[in-house]
Amino acid sequence: MDSAPSLSPSTGSQLSVDEMKLLAKLEEQNRLLETDSKSLYPLNGVLQSPTSTKTFSFEDDIWDNVIKEWDDWCKRKVGQIKVLIRRGVPAHLRPAVWQLLCDAQNVAVQPKYSDLLKSSSPSETLILRDLTRILPQHQLFHKVATCQKPLFNVLKAYSILDREIGYCQGSVFIVGLLLTQMAEEEAFCIFVRLMKDFRMRDLYRSNMVELGCCLHQFDAMIKDQLPELHSHFQTQGFHTSMFSSSWFLNILLSSLPITAAIRIFDIFMCEGLEIVFRVGLALLQMKQTELIKLDVEGMMNCLQNLESWASDPDGIIEAAYQIKYNPSRMKQLRQEYASIKTKKLEERKELNGLSSENKHLKQRLALLEKRCSEKLESQLKKELEKTRLNTARSQIALKEMKANILQMEESSAVSNEDSVMYLQKELICCRLQEAEALTELKLLKHHIKDLEEKWQRQQVHCGGQQKVSSAQNDLQVELLSTRLKETLTQAALKESRHRLTKLQTENKIYSNQLRRIEAHIKSQQDHLQELTSQNQDLCSQLQQSRRQFSTVQYKRKEKQDKEAANLTIIAVLQKQITELQIQIQSLSKHTTSFSQPTPRPSTSTSLKHNDT
């Protein structure tokens, strides 16, 4: 906690006796503050404890003196100013004190205010929407029913003046509080100072780095000073940013009752954001026992409704200055957050690289799939055309074979008809030869019959002529017998020749039939061999087609396996990207990226410098 320096003895000649007594009390108070930073008002006296019922008898006179001799007090009595502000600024002097703390009189943009209102702002619709939604609900604006137009003007003018920041919703409460104390031009000047010199502009940046740094510091303070509550937050998955972001963005104006909020805003104008850390931690410490018993929803309801248990401003401020606040530790936490943010930026760059690489891989995969599909399609088309061609050839060969079979059947029928005609001719010839042989045999039989008749007549004649010699008769008988035998022999010979001719004819017929059958069998064997060779060719073609089809299926399966592997890799990458994006989104809600804090206002800088 900042310590206030003791007053110089040389100032006694410039002050009255009562003021000297008061300043002596203040010096004693400052010494106690230096020895015990946990106690803000350990002794009763002119500056009572915030819980004391006694009043500060010379409060207005002291503040009048402070306002009149502001430069001197800022240079030599910084500690006294801090004690007075912590004790409370009189309501009728608050506008003047705020302007002095912010050095609002030297704001160069005050003459431009009316000119800024003449311009148009892209944030006008958003400002009107927030005013319509916030003004009727918050107690800050209940007392000033006509503040909507001035509030709109100040917010619009600043959004035009600082187009980089524009309009932020948290500024509604700060400007609204300023308008409850002063005119809109004066409120605009103080708001410009707050934005420029009190880190508010950094808090309102779109990357929200400064807010993230404050939340990181605040979370570390909770972990160091309230470990049980921090452990309960971690167990419930309750992040500090879920309730404390608005505390920093609007300096607790939207959360605390208006009396406590104004007192805290007085201290903020003098000491900066340190009071937000102190009050926030004090509020959690006061309600630690109750919060540990609640779940996430209960804790949110409890921390969003501070009006019910934060109605004592003096008690809150006293508890706030019992909180340990180590500037070196805060600086260390700022550096730690900067390193974390740098690491996260590197991770985000890596994630963006992975995302771009994933996108490139997807495009490449799509291109490869397209090429593979086109190649596979063309290959399948070729195989299909080849298969169709082979099928057509097989069908043509089958048709040719059927035609050949029909032709062979026709030729066989024709050859059968020729052979029948030939056999009929041969049969006719054989029958003619047989008729001739039968005619000759008949003639031969007739000749034999004649010889037998002659023989009988000769025997009759020989019986009638017994005179003929027996020798002659014997010769004649022998001659006739010989002729008869010769005739019988010729007849047998003729019959044998006829049989031989018949057998030769049959043999010739059978030989011709056998030759024709052998020729037909040979032609059938040749045709069968030709069909067998064609069948073997078709089988080989079919086997080749099957092998090609199996190769295509194997390639397609291999391609599908590769695609499945690629899809698995892509799914893993997408899962990692989704997890990182979830982490980034979760962190982006609670952390922001800000530049280094801008210099404090001149008055506040001199206060801290002199106080040190």
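Residues in the range 330-366 that are open to solvent by less than 80 Å² (accessible area, probe 1.4 Å) and either of a type in the set (Val, Ile, Thr) or free of Cβ contacts under 8 Å to residues at least 60 places away in the same chain (or both): SER339, ILE340, THR342, GLY353, SER356, ALA366. Here ILE267 meets the list (1) of a type in the set (A, V, I, L, M); (2) at pLDDT 90 or above; (3) in contact with a Pro (Cβ under 8 Å, 6 or more places away or on another chain) almost entirely, failing just condition (3).
Looking at LEU211, LEU179 in this structure, which one is surrounded by 22 or more Cβ atoms within 10 Å (Cβ to Cβ) and in contact with a strand residue (DSSP E or B) (Cβ under 7 Å, 6 or more places away or on another chain)? Step through it out loud before you land on a result.
On the way: LEU179 fails: in contact with a strand residue (DSSP E or B) (Cβ under 7 Å, 6 or more places away or on another chain).
The conditions single out LEU211.
Among the residues of the range 94-108, those identified as open to solvent by 20 Å² or more (accessible area, probe 1.4 Å) and part of a loop (DSSP other than H, G, I, E, B) are ASP103, ALA108. Among the residues of the range 187-198, those identified as touching a residue at least 60 places away in the same chain (Cβ under 8 Å) and surrounded by 21 or more Cβ atoms within 10 Å (Cβ to Cβ) are PHE188, CYS189, ILE190, VAL192, ARG193, LEU194, ASP197, PHE198. For the range 297-308, the criterion of a residue being open to solvent by less than 30 Å² (accessible area, probe 1.4 Å) and more than 41 Å from the chain's Cα centre (by Cα) is satisfied by at least one position.
Kindly indicate the residue of the range 231-267 that is within 32 Å of the chain's Cα centre (by Cα) and within 18 Å of ARG278 (Cβ to Cβ) and also surrounded by the fewest Cβ atoms within 10 Å (Cβ to Cβ) among those meeting that condition.
Here is the first cut: in the range 231-267, the residues within 32 Å of the chain's Cα centre (by Cα) are 233-243, 245.
Adding the requirement that they be within 18 Å of ARG278 (Cβ to Cβ) leaves 240, 243, 245.
Values: THR240: 23, PHE243: 20, SER245: 22.
The qualifying residue surrounded by the fewest Cβ atoms within 10 Å (Cβ to Cβ) is PHE243.
Does the range 407-417 contain any residue that is modelled with pLDDT of 80 or more and open to solvent by 50 Å² or more (accessible area, probe 1.4 Å)? Scanning the range 407-417, I find at least one residue that is modelled with pLDDT of 80 or more and open to solvent by 50 Å² or more (accessible area, probe 1.4 Å), so the answer is yes.
The values are calculated or read from the model by the stated rules, or taken from the named source; none is laboratory data. Everything quoted here is computed from the prediction, not taken from an experiment. Counting neighbours? That spans all protein chains shown, and the Cβs are built from the backbone with ideal geometry, glycine included. With ligands, DNA and RNA removed, areas are computed over all heavy atoms of the protein, side chains included. Shrake-Rupley method; radii C 1.70, N 1.55, O 1.52, S 1.80 Å.
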